[in-house]
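Inspection log for the structure reproduced underneath, given as structure tokens.
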Amino acid sequence: MIQMLIRKHLLCILLLKLLINSTISAQDKVTLSGYLYDETNGETLIGATIFISELQTGAVSNVYGFYSLTLPAGSYNVVYRYIGFESVSREMNLQSNQRVDIELVSQLQLLDEIVITDEVEDLNISGIQMGTHGMNINTIQGMPAFMGEVDVLKSIQFLPGVSSVGEGASGFNVRGGGVGQNLVLLDEAPVYNSSHMLGFFSVFNPDAVKDIKLIKGGIPAKYGGRIASILDIRMKEGNSKQLVVNGGMGTIFSRLSIEGPIKKDKASFMVAARRSYADAVAKIFTDVLDDGAALNFYDLTLKTNYNINKHNRIYLSGYFGRDKFKFDESQGFNWGNNTGTLRWNHIFNQRLFSNFTLFFSDYDYELAFGDDELDRFDWNSRIRTYNFKPEFSYFINPENELSFGGELIKYDFEPANAVGVSNGEVTELSVEKKNGLEWALYLSNDQKIGSKWQAQYGLRYSQFMLVGPGAYFEFDNPEPGTRRKVVNTINAEKGEVIKRYQNLEPRASIKFQVSSQSSIKANYNRTLQYIHLVSNTTASNPLDIWTPSTNNIAPQIADQWGLGYFRNFGPENDIETSVELYYRKSSNQIDYIDGADLLINEFIEGDLLSGDGRAYGLELFVKKSKGLFNGWVSYTLARTELKVDGINNNQWYPTRYDQVHNFKAVVFYEPESRWKLSANFTLLSGTPTTFPTSRVAVQNYLLPFNYYGSRNNLRIPVFHRLDFSATLTGKKNRKGKARKNEDYWVFSLYNVYGRRNPFSIYFAQDEARPVIGTPIETQATQVSIIGSIVPAISYNFRF
């Protein structure tokens with residue numbers, strides 16, 4: 001502990017010294033700052049570049065579109081650039097601090113080819129980011145998708161190192177991490193279940209999404225709370241220039257979004273809604289749904305912002321979504337997310353930018369069975385989060401950008417509010433609520449060292465407290481792999497701290513610029529996770545349980561190292577290539593005893609085991625970002641394993657989401673002005689599963705069992721699938737006049753050659769009664785979620 005505090009204070013002293021020295025050296029300089037906007041709709045531009053020709057230096061706009069450059073006084077040619085937009089060049093005589101806001105004009109109407117990125121040109125080479133991918137929403141909209149519906153989560157699974165356990169699986173896995181080890185943020189609010197319809201669609205409405213960034217490694221110090229990845233999704237602010245309506249009607253659901261100015265260039269709004277209607281259409285053809293049955297989802301995304309003055313801007317956004325899966329009027333289950341975010345951007349001065357965020361997130365599910373009030377079962381569960389996050393960016397000079405801030409989180413866990421009724425007799429089955437407090441402070445610096453080197457280094461200090469009221473348990477220590485029994489109960493008062501954890505999380509990245517076309521990067525990060533997703537099913541599902549770290553469950557800790565080589569080719573450097581190696585070791589990874597009881601179990605901690613994990617791999621990525629023919633290819637060679645006392649004879653074993661080979665290809669082609677074609681191909685190793693190794697017969701019934709006690713001892717067959725999509729854009733002119741609205745049709749074929757990819761395999765005895773003296777017949781049954789080609793058509797419009 002003493003060594004940890006010493007390291008923390010040493011780093012703080014070094015960063016403070018850097019700040020003081022840099023501030024003194026900047027006293028004879030001036031600062032150029034401002035915002036960058038899209039001229040057509042007033043949206044801020046994230047990641048645009050500001051380049052000073054004379055000094056061969058520059059800056060990049062942050063996630064709010066703000067930039068700041070501190071320079072020696074003088075005259076300069078300042079160039080503002082953003083891919084897909086016309087560059088703006090300004091001659092400026094900077095003798096004092098200046099605020100310059102710039103609107104860039106889109107080049108989309110001038111382009112004859114598809115552009116599949118909105119990142120700064122060569123940013124993959126010049127930027128320090130590694131293991132980070134941004135995706136253009138226009139690219140996602142052009143990719144083939146299930147039922148023709150655009151899906152953010154399914155699209156990012158075509159990036160290297162990203163996968164899922166099968167079709168229809170909720171969430172995603174990154175570099176061998178579990179679904180619950182990804183921090184999914186929507187306007188900074190965490191989303192605990194990111195899927196609709198049990199995993200077939202994501203909760204993110206593409207009409208409301210502005211920016212998507214997936215961080216797999218080199219995680220900046222401002223992020224914490226998960227050990228595998230960060231998926232940071234930012235909503236649109238709303239068109240501040242004019243009223244715009246977007247929408248679409250598809251095979252499975254329809255969507256509509258409206259955005260426009262409340263006060264032009266001062267305040268705007270955005271409202272986006274979706275609703276599926278599979279059950280409504282089915283009622284036309286069958287009476288199965290007449291008794292109140294339902295299968296649908298809806299979501300509503302809202303955002304507004306107000307530019308108070310040059311120094312202050314506020315944002316208010318929210319998401320409200322729900323899925324319903326009802327067998328009749330009184331039986332079934334439903335689940336949903338609600339989030340809300342209030343942000344305040346404040347500019348203290350030309351070099352100090354701040355953002356204060358207050359948000360909440362609420363995920364809950366409900367389950368009900370029973371024909372009447374005398375015999376029924378009702379269960380609901382939820383996790384609710386409240387968060388306050390102050391963040392500051394101090395632009396010391398073109399070589400140093402200092403970031404610091406903190407985070408305060410309150411967790412409310414309700415594992416089970418359950419009641420069973422049998423013959424009118426009520427039985428209370430609820431599991432007591434749990435409460436947690438987490439807070440963190442961070443400090444980091446992004447530093448350019450000469451013309452070749454760049455470093456980003458920082459430290460995050462986090463602390464978690466499990467607090468009362470409530471009953472908490474102490475367990476015995478039996479043979480590993482068996483259920484533990486309660487030996488003592490701790491009854492805590494309200495606000496009493498039952499268990500406290502604190503940790504330092506160092507982060508460091510470094511880049512060496514080999515040439516204008518290539519660079520070498522390396523990074524290291526330690527991440528902590530204080531809450532855990534408890535699930536032992538093949539894929540994550542809405543009924544999985546979130547639980548905090550307790551006196552029996554330690555926080556998950558991961559250390560990850562990465563090394564990569566990045567190189568661009570082609571006359572315009574438009575062919576990006578990269579090779580990345582990573583290794584992550586982790587501790588306090590959760591697994592389960594054989595026969596674990598995870599649902600409505602007050603003593604669930606007695607069924608949990610803890611051990612070590614390791615994930616390592618090679619990621620290859622090639623992307624052509626411009627031209628009539630473009631797209632990308634990714635390949636990942638990886639392993640993900642656990643070692644837990646009491647499982648697999650205490651030896652390393654693969655996790656359920658371990659995939660050795662992961663090959664993805666995405667291709668776009670525009671043969672003529674109105675048609676756009678695209679295709680996806682996926683080839684994956686089969687995921688591990690546990691099969692019985694032996695069997696015994698008792699009175700003509702077979703009982704399979706695992707004689708060797710092995711876990712995930714075999715793999716299901718290889719997964720592969722081809723998807724195709726064609727987009728027909730509506731005519732731009734009608735009867736010689738330009739049309740006021742835009743529209744397009746999307747025709748898609750999912751699973752083109754009808755592959756029956758296995759989701760799981762189980763064994764069963766033949767139902768026929770065996771003849772005495774003859775062998776007992778058994779068979780293996782493969783479960784496929786989708787076993788045929790799925791055609792779809794959708795119509796989309798904008799006016």
Expressed in Å to one decimal, the Kirkwood Rh of the range 173-304 from all distinct alpha-carbon pairs is 17.1 Å
Between the alpha carbon centres of the range 492-536 and the range 391-453 the gap in Å comes to 12 Å
In the structure shown, of Lys676/Lys735; Lys324/Lys433; Lys326/Lys664; Lys216/Lys433; Lys154/Lys740, the pairs separated by more than 28 angstrom at the C-alpha atoms are Lys326/Lys664; Lys216/Lys433; Lys154/Lys740
One would report the Cα pair-distance distribution of the range 359-432, bin width 5 Å, in %, as 4, 13, 15, 11, 10, 9, 8, 7, 6, 5, 4, 4, 3, 2, 1
Log entry: pair-distance distribution for the range 526-616, C-alpha pairs binned every 10 Å from zero, whole % per bin is 14, 34, 23, 14, 11, 4, 0
Ranked output for segments 439-450, 261-272 by mean other Cβ atoms within 10 Å, highest leading, reads 439-450, 261-272
Filtered hits (lysines, Cα-Cα < 19 Å from Lys264, offset >= 8 within chain) -> Lys236, Lys241, Lys303, Lys310
Counting only protein heavy atoms and rolling a 1.4 Å probe, one gets per residue an accessible area for the range 236-311 in Å² of 49 Å²
When the charge dipole of the range 627-732 is computed with +1 on Lys and Arg Cβ and -1 on Asp and Glu Cβ about the Cα centre, the Cα farthest towards its positive end, among Thr690, Asn649, Ala679, belongs to Ala679
Heavy-atom accessible area per residue of the range 119-197, all protein chains kept, 1.4 Å probe, expressed in Å², is 19 Å²
For the chain, the dipole about the Cα centre with charges only on Cβ (Lys and Arg +1, Asp and Glu -1), to the nearest 20 debye, works out at 2520 debye
On the accessible surface of the range 603-744, probed at 1.4 Å with all protein chains in place, carbon and sulfur together account for a percent value of 59 percent
Quick calc, the range 447-587, dipole around Cα centre from Cβ unit charges on Lys, Arg (+) and Asp, Glu (-), nearest 20 debye, gives 400 debye
Per the C-alpha gyration tensor (a ≥ b ≥ c, the square roots of its eigenvalues), the range 193-254 is rounded if a/c is under 1.5, else prolate if a/b beats b/c, else oblate; here it's oblate
If unit charges are put on Cβ atoms (+1 for Lys and Arg, -1 for Asp and Glu) and the dipole of the range 367-520 is taken about its Cα centre, the option from Trp439, Gly424, Ala455 lying farthest towards the positive end turns out to be Ala455
The size of the Cβ-based charge dipole (Lys, Arg +1; Asp, Glu -1) of the range 663-763 about the Cα centre, to the nearest 20 debye, is 580 debye
Scattering profile of the range 611-677 from the Debye formula, Cα beads only, expressed as log10 I(q)/I(0) at q = 0.16, 0.17, 0.19 Å⁻¹, is -0.66, -0.70, -0.78
Expressed in square angstrom to the nearest 10, the accessible area of Tyr635 with a 1.4 Å probe stands at 60 Å²
Low-density loop trypsin sites (Lys or Arg not before Pro), the range 623-688, at most 15 other Cβ within 10 Å, DSSP non-H/G/I/E/B, are Arg674
Dimensionless Rg/Rh of the range 122-236, both radii on Cα and Rh by Kirkwood, sits at 0.93
SASA check, Ile785, accessible area w/ 1.4 Å probe, all protein chains in place, rounded to nearest 10 Å², comes out at 70 Å²
Along principal axes, largest first, the alpha-carbon spread of the range 257-358 in whole Å comes out as 65, 26, 16
Between the alpha carbon centres of the range 204-232 and the range 564-632 the gap in Å comes to 14 Å
Rh (Kirkwood, all Cα-Cα pairs) for the range 658-799, Å, reads 19.8 Å
Expected sort for 476-487, 370-381 on mean C-beta neighbours within 10 Å, highest first, is 370-381, 476-487
DSSP beta bridges in the chain: the antiparallel percent, rounded to 5, is 95 percent
Here, trypsin sites (Lys or Arg not before Pro) of the range 304-348 satisfying both criteria (DSSP loop; at most 11 other Cβ within 10 Å) are Lys310
Given 130-142, 699-711, 500-512, the highest-first ranking by average Cβ count within 10 Å works out to 130-142, 500-512, 699-711
Farthest towards the positive end of the dipole of the chain, among Gln502, Asn551, Gly42 and with Cβ unit charges of +1 on Lys and Arg and -1 on Asp and Glu, lies the Cα of Gly42
With -39,500 (n - 2.57) per DSSP H segment of 4 or more residues and division by the full residue count of the chain, the 222 nm estimate, nearest 500 deg cm²/dmol, is -1500 deg cm²/dmol
In whole Å, largest first, the alpha carbons of the chain cover along the principal axes 97, 76, 49
For the range 750-799, the accessible surface attributable to carbon and sulfur atoms (probe 1.4 angstrom, ligands and nucleic acids excluded) amounts in percent to 56 percent
Longest principal axis of the chain (C-alpha) makes with the long axis of helix 2-25 (C-alpha) an angle, in degrees to the nearest 10, of 20 degrees
Here the alpha-carbon Rg of the range 33-174 over 2.2 N^0.38 Å rounds to 1.28
Binned at 10 Å starting from 0, the alpha-carbon pair-distance distribution of the range 571-693 in whole percents comes out as 11, 27, 25, 17, 12, 7, 1
Result for the range 661-777: accessible area per residue, probe 1.4 angstrom, in square angstrom, of 64 Å²
Computed over the range 424-482, the Cα gyration tensor eigenvalues, each multiplied by 5 and square-rooted, give semi-axes in Å (largest first) of 48, 18, 12
Reported to the nearest 10 Å², Glu103 has, with a 1.4 Å probe, an accessible area equal to 80 Å²
Carbon and sulfur atoms account, in whole percent of the 1.4 Å probe accessible area of the range 488-597, for 51 percent
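The values are calculated or read from the model by the stated rules, or taken from the named source; none is laboratory data. Please read all numbers here as calculations on a predicted model, not as lab measurements. FYI the Cβ positions are ideal-geometry reconstructions off the backbone, even for glycines, and counts take in every protein chain you see. For accessibility, only protein heavy atoms count, side chains too; no ligands or nucleic acids. Shrake-Rupley method; radii C 1.70, N 1.55, O 1.52, S 1.80 Å.
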